[in-house]
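Undergrad: First, the structure itself, so that you have it in front of you.
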Amino acid sequence: MGRRMATTLSWLRRDADAKCEQAWINSFRSPKVQGHNYLALQSLKGADVIPSAVKGGPWISRFGESPQLIARTVRCITNHAPIGAYYERFNIPETTACPCGASRMTRWHILAACRLYACKTIPSTLHGLAAFLKDNPGVFSYTKTRPHAGEG
């Protein structure tokens, strides 16, 4: 290793981290790993948002100011949220209807069609999802409070 052992050890750590992250990214891109319920988002530059541990990664760095906000983000992205489609998929005895009157509350209904939530456009970027979740603090939350029509 020579006289610069710390530099070499540091390089080995960085190299191991880079290889681990690349393996994670390669695995994540597989549809079997993502699953069919994963909400694919893009950065403002149009690139797919992929997981990373660098500086908190894209999701935590964007949503990490609040544990509640990051929890709602993960629920939305993974489609494991307290909504009708989730209750139906896992046979949970809760209503599957939306309070707006739609027969089934799905993630896409909430993001694109529900009149109870404020949404100017369907969030396709991480930035757009952040804005949507901040504008609608009860969405994808386990609190029993629901928005009222016109308050979105």
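Undergrad: Before we move on, is Tyr117 over 18 Å from the mean Cα position of the chain (by Cα) and either free of Cβ contacts under 8 Å to residues at least 40 places away in the same chain or part of a helix (DSSP H, G or I) (or both)?
TA: For Tyr117, the condition - over 18 Å from the mean Cα position of the chain (by Cα) and either free of Cβ contacts under 8 Å to residues at least 40 places away in the same chain or part of a helix (DSSP H, G or I) (or both) - is not met.
Undergrad: Does Thr78 qualify as being at pLDDT below 75 and open to solvent by 40 Å² or more (accessible area, probe 1.4 Å)?
TA: The answer is no for Thr78.
Undergrad: Looking at this structure, is Thr73 outside any helix (DSSP H, G or I), of a type in the set (Val, Ile, Thr) and either under 15 Å from the mean Cα position of the chain (by Cα) or surrounded by fewer than 16 Cβ atoms within 10 Å (Cβ to Cβ) (or both)?
TA: In short, no.
Undergrad: Just to check your reading of the model, which residue among Ala130, Ala85 is surrounded by 15 or more Cβ atoms within 10 Å (Cβ to Cβ) and in contact (Cβ under 8 Å) with a residue 24 or more places away in the chain?
TA: So the residue among Ala130, Ala85 that is surrounded by 15 or more Cβ atoms within 10 Å (Cβ to Cβ) and in contact (Cβ under 8 Å) with a residue 24 or more places away in the chain is Ala130.
The values are calculated or read from the model by the stated rules, or taken from the named source; none is laboratory data. The shown structure was predicted, so the numbers you read here are calculated from the model rather than taken from an experiment. Ideal geometry is used to build each Cβ from the backbone, glycine not excepted, and the neighbour counts take in all protein chains shown. What goes into the accessible areas is simple: the full protein's heavy atoms, side chains included, and nothing from ligands, DNA or RNA. Shrake-Rupley method; radii C 1.70, N 1.55, O 1.52, S 1.80 Å.
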